[in-house]
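Working notes, beginning with the structure itself.
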Amino acid sequence: MSKHKWWTQFKNIEWTSYIWLGYLPYSISMFVPVKGIQDWFWLGMLAVFLVLYILVVEKGAWRRVTVPLELLVTGLFSVIGLNNYLIIYPGWQVSFILGKQSPKRYFYWFISGYYAFIGISLIRAYLVDPQLFSWQNGGVMGLIFPLISPLMSYTFARSIARQRQLRQSNRRLQTYIQRNERERIARDLHDTLGQSFSMITLKTELAQKLLVKAPDRVAGELADIAQTSRQNLQLVRSIVNDLHRQSISEALLIENQNLVSAGVGLNTSGEDLAVKWPTATQGLLSAVLVEAITNVIRHAQANSVQITFSETKTTYQVQLTDDGRGGKLSRPGSNGIQGMQTRMNQANGMFDITANHRGTQIQLSLPKEV
């Protein structure tokens, strides 16, 4: 592995998720020094929990398996060990993950299992010793944090997601307002310069026919003027066409609404950089992104989409990743992928698409003008 790739993976680790593990030694201390097989069993379960905790953070595609297993392991501590401390970990971790991008039903399933384990542990604890829940022993106060942890974490995550979407929407709306100004400029250019150049061309051609004085000199000059006027007119039309092309922010503003309607979350990275790219580049990439997002909505059965914009010294790059079912990339009667491939090839760009059980990833690259 190259040093650059290693450093990239190092930076991508979600370090904030591991801060809570600083409290794990407290749980370990409950079984150290080891006094028997039972202590070894719980230490082994703590090791299993630690592995599952890391997998839940790092391997999003495995969460359908790792999340229930993590909840089961911590639930055993609650039900059998009468220890509701460890179950707080998935209460915060999993609820926060589900609050960021997953449908609410997944959280409802998780929280049902979470409170089922706590409920069973409370019944067992009361049967063993009813005095555990007396105010004098502090048992009631000790239950407050385990009970409210998933609700607090989920609410906090949803709030962060809404604030992020609001900021992104505000940026896109700002770009949309700027587009209205660009359209006004385009109309002014067409109505003034375009008309003016058209008139110059007509008058020049008429003068070329009517002039009789020094025709050997004036005719050539007038022909050059007419040719220049036509070139300028074509230039104005080209500028107007460029200004009418859809920007990346405009495309995302519309497509985000479509994704929300389909129950799919959208996250972007580097969008502030992309809005500064040339108009023609944004227009082409926007058309491809619209087609790609349409395919996600129709076929991927995804919960979230991540779009990353970046650039190098020679290229503009876009990566779109969904967490859908992946699978086959071609379907009978469908020309979506072929259309995206053709658009990029015509602009001397690169189009690559890969899919597996973890979802689908599209890589786009366009060369910068030299």
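Got a sec to turn the phi values of the range 153-167 into Karplus ³J(HN,Hα) couplings, 6.51 cos²θ - 1.76 cosθ + 1.60 with θ = phi - 60°, whole Hz, x for Gly and Pro?
Each residue's phi maps through the Karplus curve to give 5, 5, 4, 5, 5, 5, 5, 4, 4, 5, 5, 5, 4, 5, 5 Hz.
Using a 1.4 angstrom probe and counting only protein chains, how large is the accessible area of MET45 in Å², to 10?
30
Output the pairs from LYS100/LYS313; LYS59/LYS368; LYS59/LYS100; LYS59/LYS104 with a Cα-Cα distance over 23 Å in this structure; if there are none, say none.
The pairs that break the limit, which is 23 Å between Cα atoms, are LYS100/LYS313; LYS59/LYS368.
List the residues, sorted by chain then number, that are 5 or more residues from SER269 or on another chain and whose placed amide H is less than 5 Å from its amide H.
ILE307, THR308, PHE309
Taking H as built 1.01 Å from N, whose amide H comes closer than 5 Å to the amide H of SER304, not counting residues under 5 places away?
For SER304, whose amide H was placed from the backbone, the distant partners under 5 Å are GLY265, ASP323.
Testing the spin-label approximation: label points 7 Å from Cα along Cα→Cβ at ASP272 and ASP39. State their distance in nm.
Between ASP272 and ASP39, the simple spin-label model gives 5.4 nm.
Residue by residue, what Karplus-based ³J(HN,Hα) values in Hz, rounded to whole numbers, does the range 302-308 have, using 6.51, -1.76 and 1.60 with θ = phi - 60° and x for Gly and Pro?
8, 9, 8, 10, 10, 10, 10
Under a plain spin-label model, where a point goes 7 Å from the Cα along Cα-to-Cβ, how far apart in nm are LYS209 and GLN165?
About 6.4 nm, to one decimal.
Sorting LYS104, LYS276, LYS313 by accessible area (1.4 Å probe), largest first, what list results?
Accessible-area ranking of LYS104, LYS276, LYS313, largest first: LYS313, LYS276, LYS104.
Ordered by residue, what ³J(HN,Hα) values in Hz, to whole numbers, does the range 283-288 give under the Karplus form 6.51 cos²θ - 1.76 cosθ + 1.60, where θ = phi - 60° and Gly and Pro are x?
x, 5, 5, 5, 4, 5
Can you compute the FRET efficiency between TYR23 and GLN338 using 1/(1 + (r/R0)^6), with r the Cβ-Cβ distance and R0 = 45 Å? Round to the nearest 0.05.
0.25
Multiply the residue gap between MET30 and MET152 by 0.36 nm, knock off their C-alpha separation, and tell me the result in nm, one decimal place. Before the final figure, lay out each step's value.
Working: separation 122, 0.36 × 122 = 43.92 nm, distance 2.71 nm.
Once the chain is fully extended between MET30 and MET152, it gains 41.2 nm.
The values are calculated or read from the model by the stated rules, or taken from the named source; none is laboratory data. In this text, all values refer to a predicted model and were calculated from it rather than measured experimentally. Methodologically, a virtual Cβ is constructed for each residue, glycine included, from the backbone with ideal geometry; neighbour enumeration extends over all protein chains shown. To get the accessible areas, we keep the full protein, side chains included, count just its heavy atoms, and leave off ligands, DNA and RNA. Shrake-Rupley method; radii C 1.70, N 1.55, O 1.52, S 1.80 Å.
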